[in-house]
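One structure is given below, encoded as structure tokens.
The values are calculated or read from the model by the stated rules, or taken from the named source; none is laboratory data. Worth saying up front: this structure is predicted, and the values here are computed from it rather than measured. All Cβ positions, even for glycine, are placed from backbone atoms using ideal geometry, and neighbour counts span all protein chains on display. Each accessible area value is taken on the protein alone, full model and side chains, heavy atoms only, with ligands, DNA and RNA left out. Shrake-Rupley method; radii C 1.70, N 1.55, O 1.52, S 1.80 Å.
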Amino acid sequence: MEKFNISVLFVEDEDLLRAIYERILDKFISALYVAENGKEGLELYEKHKPDLIITDIMMPVMDGLDMIEEIRKVDQLVRIVILSAYGDTEYFLDAIKIGVNSFLLKQVETKKLTALIEELAKGILLEREIKQEEQKRIEAEENLRKLNEELEKRVEDRTRDLQKEIKEKEQAERELKELNLTLENRVKEELKKRQKQQSLLIQKSKLESMGELAAGIAHEINQPLGGISMGLDNIMFKMSMEGVSEDYLSTKINALFEDIDRIRQIINHVRVFSRDQEAYVKEVMDLNKVIHNALSMVNNQYHNHNVKINLDLSKDKCFTKGNKYRVEQVILNLLSNAKFAIDEKEKNLNDINYVKTIKISSFSNNALVSFEIEDNGIGISKKSMENIFDPFYTTKDVEKGTGLGLSITYGIIKEMKGEIVVQSELNKFTKMRISLPHVDRETEE
């Protein structure tokens, strides 16, 4: 789609939704201004005078309706669209009273949003063309009149204009100085809000993953528990039959402590992983170790479902910097999608020779460390490929997915200044590659 030569102000307080819709709008709008609340949106409007405003309702500092009322005091013509999750009748009536052109409910389909914007853009461009032609006619007549009647006054008028421009420039400089005094605190506050909202979404997805992993974790714990039970039975049997030597008892007790330690490690890892990471702690991490930690929670579960996992991890150092538990969350999200794809293909094929396979590989160079998760499942269609990172977009049944996994994965990777690349062929494979900045461990420490 070609870009429309119009300017759009988009106001949304939720960081993840703002990033997603900003990416969608930027594809076909020539000038896009983005604000996080009504106050910031009003300031951007006063600065840029956009052709179209798209805004949420419920926001901190100043809500969307208050912002629109302030704008309507000075501009009755600008087109306004409300994009909100609140569909109550009172909001529709309030929107109509203050002159809103359209009202869309989240989560709006991309096709519906683009169709509405295309319609409004064509109206804006047509109106602009008419105004330009009218302005040209007025200017031509005015220039002719001035040329004939006010030639001697032009120098004086120009002098007054220059004086006015100088005053306006001085006023703008004063306002800029005042703005800079409070800018640092405002940036800190907005960053805290963004981090909190991102953490809530990540924690929600993490807890959903824990529900899916419950059976696998139970098996991981049951295995050493079985070893403990069998070891105690052997000790009791030996004691009842012929007595127990000190060496035998010492060996058995050491083995029991190893099983107990394994259970403790599993529980500790699950406890830390599932905990809400309020403080976003960045640390140097070994990517290969993070992959092993994630696999420790699903390995037996996948094995019980006849999933073959091929590991091809780099022998080079794969160090990056960030929150390792969030990277684990990314890996578990991608593994969950891969398992769903191969399970679906197994049901569709009904072929006993089909081997469900997931390949995990890692590699590094001077600038990046990367890992890939590839499955031989049902793949992704070209149509779905354009939307897989949109929030709440899913091809799964309602009870099997929320559509948050890949959008949260995208947000986490972007926050770490990384990138995610998808390759897929329908009914053959899907490969997800995550690349993150490479760091030198010794230098960072």
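Cβ neighbours within 10 Å, averaged per peptide: list 382-389, 407-414, 180-187, 298-305 in order, most packed at the top.
Ranking the peptides 382-389, 407-414, 180-187, 298-305 by packing returns 407-414, 298-305, 382-389, 180-187.
Classify region 1-88 as rounded, prolate or oblate from the Cα gyration tensor: take a ≥ b ≥ c as the square roots of its eigenvalues, call it rounded if a/c is under 1.5, otherwise prolate when a/b beats b/c and oblate if not. Show your work: numbers first, answer last.
Working: a/c = 1.70, a/b = 1.15, b/c = 1.48.
Note, shape of region 1-88 comes out oblate.
Can you pick out the pairs among 27/383; 339/428; 289/317; 383/417; 282/414 whose Cα atoms lie more than 22 Å from each other?
383/417
Would you tally the net charge around residue 136, using a Cβ to Cβ cut-off of less than 14 Å, leaving residue 136 out, and scoring K and R as +1, D and E as -1?
So the surrounding residues net to -3.
Quick one: net charge of residue 66's neighbours, Cβ under 14 Å, K/R +1, D/E -1? Please list the in-between numbers first.
Details: positive: 39, 72, 73, 97; negative: 13, 40, 43, 56, 63, 69, 70, 94.
Surrounding charge for residue 66 is -4.
For the peptides 52-62, 416-426, what is the packing order when you average, over each peptide's residues, the other Cβ atoms within 10 Å and list the highest mean first?
So the peptides 52-62, 416-426, ranked by packing, come out 52-62, 416-426.
Could you check the spin-label model distance between residue 86 and residue 3? Points 7 Å from the Cα along Cα→Cβ, value in nm.
Those two pseudo-labels are separated by 3.4 nm.
Which FRET efficiency value, to the nearest 0.05, do you get for residue 30 and residue 153 by plugging their Cβ-Cβ distance into 1/(1 + (r/R0)^6) with R0 = 56 Å?
After rounding to 0.05, the efficiency reads 0.90.
Sort 318-324, 69-75 by the packing proxy (mean of other Cβ within 10 Å over each peptide's residues), most packed first.
318-324, 69-75
Quick one: net charge of residue 361's neighbours, Cβ under 14 Å, K/R +1, D/E -1? Spell out each step's value before the answer.
On the way: positive: 315, 359, 431, 433; negative: 312, 316, 372, 374, 375.
In short, -1.
Can you give me the accessible area per residue for region 40-164, using a 1.4 Å probe, in Å²? Intermediate results must be reported in sequence, preceding the final value.
Working: 8140 Å² over 125 residues.
With all protein chains present, region 40-164 gives 65 Å² per residue.
Would you work out what percent of the accessible area of region 131-171, with all protein chains in place, is carbon or sulfur (probe 1.4 Å)? Kindly include the intermediate steps, with their values, before the conclusion.
Values: 1970 of 4010 Å².
That share works out to 49 percent.
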